[in-house]
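> One structure, as structure tokens, below. Some questions next.
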Amino acid sequence: GRAEPVLRLEGVVAGYGDVTVLRGVDLAIHPGEVVALLGANGAGKSTTCAVAAGDLPVTAGAILLDGDDVTGRPAHRRARAGVLLAPEGRGVFPGLTVEENLRTWLESPDPVYERLPQLAARRTVLAGALSGGEQQLLTLAPALVRPPRVLIADEPSLGLAPLVVEQIFALFAELRHRGVALLLVEEKATEALAVADRVAFMRLGRITWTGPRSEVDADRLTAAYLGVS
Ligand code: ATP
């Protein structure tokens, strides 16, 4: 049989104030699996990331982590249980240096510096003064040393230079190889499909289709974005 999902959303309803955005989201992510969550602007992808990480409460439904109900558990407790949200980068403090940021997570930053030399070069710089790409790398860096159970990446490549985007996707591939489950929201569908094992299409607060990436062709992609799937 198949391994139990690391993360499962069951009938999740959530929103902001009186506005309901998620209208019953069902989604499961397995160890070492990359799920690309795709859909038009406003479909509810970021909101799905926020409820999965515990940043936004649900009004109905359940969130399970390794089979445990964590629905009512706040973000910091989910983080401790292995849920990492990027790019918000819980634990990346703009007023601390790169080195100080890494030391809040790690005994020694050396393994990070070996893997990401551009962070080594910036070790005494305040995190808030880094470029967007460097901040994204700093957010993801601790995951290389202590891989999370689940990495939730909400538009990780937004506004970043192609070289950094490449680096970030290589990092995702490495984490996946090490068994991390990855939920990826990405505007760049081509890049997302290149690393995805499974694809979930979202529209108007619901998952409208999910299946292996091999079943996603141009027609299905167009249909999903136009809302006819
Ligand atoms: P995008 O690709 O544009 O980020 P998305 O699929 O990630 O879209 P969400 O960001 O989850 O969609 O937004 C879904 C809906 O929720 C939108 O209508 C948006 O306006 C609304 N929304 C998002 N954040 C808030 C908020 N903090 N307060 C009120 N409404 C919000």
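The values are calculated or read from the model by the stated rules, or taken from the named source; none is laboratory data. A quick note: this is a predicted structure, and the numbers were derived from the prediction, not measured. All Cβ positions, even for glycine, are placed from backbone atoms using ideal geometry, and neighbour counts span all protein chains on display.
> Are any of the residues in the range 88-106 surrounded by 16 or more Cβ atoms within 10 Å (Cβ to Cβ), within 19 Å of GLU10 (Cβ to Cβ) and touching a Gly at 6+ places or on another chain (Cβ under 8 Å)?
There is no residue in the range 88-106 that is surrounded by 16 or more Cβ atoms within 10 Å (Cβ to Cβ), within 19 Å of GLU10 (Cβ to Cβ) and touching a Gly at 6+ places or on another chain (Cβ under 8 Å).
> Filter the range 176-188 down to residues that are outside any helix (DSSP H, G or I) and surrounded by fewer than 22 Cβ atoms within 10 Å (Cβ to Cβ), then give me how many there are.
Of the residues in the range 176-188, 4 are outside any helix (DSSP H, G or I) and surrounded by fewer than 22 Cβ atoms within 10 Å (Cβ to Cβ).
> Let me ask another. Consider the range 130-159. How many of its residues are out of contact with any Lys or Arg (no Cβ under 7 Å at 6 or more places or on another chain) and either more than 20 Å from LEU37 (Cα to Cα) or more than 16 Å from the ligand (Cβ to nearest atom) (or both)?
So the answer is 18.
> Which residue out of GLU99, GLU114, GLU166, GLU191 is within 16 Å of the ligand (Cβ to nearest atom), among the charged types (D, E, K, R) and assigned to a helix (DSSP H, G or I)?
GLU191
> Can you tell me which of ALA161, ALA153, ALA173 is at pLDDT 90 or above, among the aliphatic types (A, V, I, L, M), surrounded by fewer than 17 Cβ atoms within 10 Å (Cβ to Cβ) and closer than 29 Å to ARG122 by Cα?
ALA173
> Can you go through VAL13, VAL25, VAL51 and tell me which one is within 16 Å of the ligand (Cβ to nearest atom), out of contact with any Lys or Arg (no Cβ under 8 Å at 6 or more places or on another chain), at pLDDT 95 or above and hydrophobic (A, V, I, L, M, F, W, C)?
VAL51
> Residues being closer than 14 Å to GLU10 by Cβ, buried (at least 16 other Cβ atoms within 10 Å of the Cβ) and touching an Asp or Glu at 6+ places or on another chain (Cβ under 8 Å): count how many of those fall in the range 46-81.
The qualifying residues number 3.
> Please name all residue pairs, on different chains or six or more residues apart, with Cβ atoms under 6 Å, provided the first residue is in the range 157-186 and is within 22 Å of LYS45 (Cα to Cα) and the second residue is of a type in the set (Lys, Arg).
If the second residue must be of a type in the set (Lys, Arg), the pairs left are LEU182/ARG176; VAL185/LYS45.
> Give the residue that is modelled with the lowest pLDDT, with candidates limited to residues of the range 117-132 that are in contact with a Gly (Cβ under 9 Å, 6 or more places away or on another chain) and part of a helix (DSSP H, G or I).
The selected residue is GLY132.
> In the range 66-124, what count of residues is obtained for those that are within 26 Å of ILE29 (Cβ to Cβ) and charged (D, E, K, R)?
Residues that pass the stated criteria total 10.
> Right, here's the next one. Looking at this structure, is LEU116 crowded, with 18+ Cβ neighbours inside 10 Å and within 17 Å of the chain's Cα centre (by Cα)?
So LEU116 does not fit the description; no.
Okay, residues lined up against (1) within 14 Å of the ligand (Cβ to nearest atom); (2) more than 22 Å from VAL216 (Cα to Cα); (3) touching a Pro at 6+ places or on another chain (Cβ under 9 Å); (4) among the hydroxyl-bearing types (Ser, Thr, Tyr):
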| site | (1), (2), (3), (4) |
| --- | --- |
| LEU7 | no, yes, no, no |
| ALA36 | yes, no, no, no |
| HIS76 | no, yes, no, no |
| ALA86 | no, yes, yes, no |
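> Pairs please, first residue from the range 39-55 and more than 19 Å from LEU151 (Cα to Cα) and part of a helix (DSSP H, G or I), second anywhere and modelled with pLDDT of 95 or more and more than 7 Å from the ligand (Cβ to nearest atom), Cβ atoms under 8 Å, 6+ apart in sequence or on different chains.
Hits for this filter: zero, empty list.
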